[in-house]
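First up is the structure itself, then whatever we jot down about it.
The values are calculated or read from the model by the stated rules, or taken from the named source; none is laboratory data. This is a predicted model, so every value here is computed, not measured. Glycine gets a Cβ as well: all are built from the backbone with ideal geometry, and neighbour counts include every protein chain shown.
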Amino acid sequence: MIFIGVGSNLKSKFGDRQENINLAISLLEKNQIKLLKKSSFYETFSQPNKKDPKFLNVIISVKTSLSPVDLMLTLLSVEKQIGRERKIKNEPRICDLDIIDYNGLVGEYKIYDNNLTLPHKSLIYRNFVLYPLKEISFNWIHPKSKKSIDDLIKTIESTNNEITKFTENDINTHVK
């Protein structure tokens, strides 16, 4: 399975955080990427600066014939189409797309001056990745450490539990 994290903590000319996420998914589907599953929305404080606007995140599972590098280039293109500008690391952003896992591959791939690390190197520390990932793939195993999703969640629960789950239906009344 291929899993992609989709997040937003800023409004754009296209709408609010939820609309940015849904637009990103729609644009991915127009680029040889088939949506298989989508988690609920999860709201968390921004990291590392909790004073920045809160993030809204989902995890999607997809199917594509694109290579990991071509998929990442597509994600970067979609981010740019929605209005993301990369200036300062961890700054608020309209759209954030990350490959979380690509069919269990483990490795590094060169993209311009950066490396794509698979699986995503920070996923084990991120509640906004682990909880929605468990929702759509409850028996997922980390490709490198071989730890279960439940074991990874237990590791972060004591320090990183400020997360709120919203379904597509109730998000409109609670979050904007």
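Go over the candidates I82, I100, I88 one by one and state the one that is crowded, with 19+ Cβ neighbours inside 10 Å, of a type outside the set (D, E, K, R) and out of contact with any Cys (no Cβ under 6 Å at 6 or more places or on another chain).
Result: I100 is the single residue among I82, I100, I88 that is crowded, with 19+ Cβ neighbours inside 10 Å, of a type outside the set (D, E, K, R) and out of contact with any Cys (no Cβ under 6 Å at 6 or more places or on another chain).
So, K89, is that one closer than 18 Å to I25 by Cβ, without any contact (Cβ under 8 Å) to a residue 12 or more places away in the chain and not in a strand (DSSP E or B) or not?
No; evaluated as a whole, the condition is false for this residue.
Test L97 against the criterion of being touching a Pro at 6+ places or on another chain (Cβ under 7 Å) and assigned to a strand (DSSP E or B), and give yes or no.
Considered against the rule, which asks whether it is touching a Pro at 6+ places or on another chain (Cβ under 7 Å) and assigned to a strand (DSSP E or B), L97 comes out as no.
So which strands (runs of 3 or more DSSP E) stay within region 20-65 end to end and still have 3 or more residues that are buried (at least 17 other Cβ atoms within 10 Å of the Cβ)?
Output list reads 41-44, 55-64.
Is it the case that some residue within region 87-95 is within 22 Å of L71 (Cβ to Cβ) and modelled with pLDDT of 95 or more?
Within region 87-95 (the criterion being within 22 Å of L71 (Cβ to Cβ) and modelled with pLDDT of 95 or more), the answer is yes, since at least one residue qualifies.
Only residues that are of a type in the set (A, V, I, L, M, F, W, C) and over 21 Å from K63 (Cβ atoms): list them for region 79-126, please.
I82, I88, I94, C95, I111, I124
How do the pairs read when you match residues in region 100-125 that are modelled with pLDDT under 90 with residues anywhere that are surrounded by 12 or more Cβ atoms within 10 Å (Cβ to Cβ) and not in a strand (DSSP E or B), using Cβ under 7 Å and keeping only pairs 6 or more apart or on different chains?
What qualifies is I111/V69; I111/M72; I111/L73.
Checking the condition of a type in the set (S, T, Y) and modelled with pLDDT under 95, which residue from S8, S77, S46, S26 passes?
Working: S8 fails: modelled with pLDDT under 95; S77 fails: modelled with pLDDT under 95; S26 fails: modelled with pLDDT under 95.
Going through S8, S77, S46, S26 in turn, just one is of a type in the set (S, T, Y) and modelled with pLDDT under 95: S46.
Going by the structure shown, is Y125 surrounded by 13 or more Cβ atoms within 10 Å (Cβ to Cβ) and over 17 Å from the mean Cα position of the chain (by Cα)?
When the stated conditions are applied, Y125 does not pass them.
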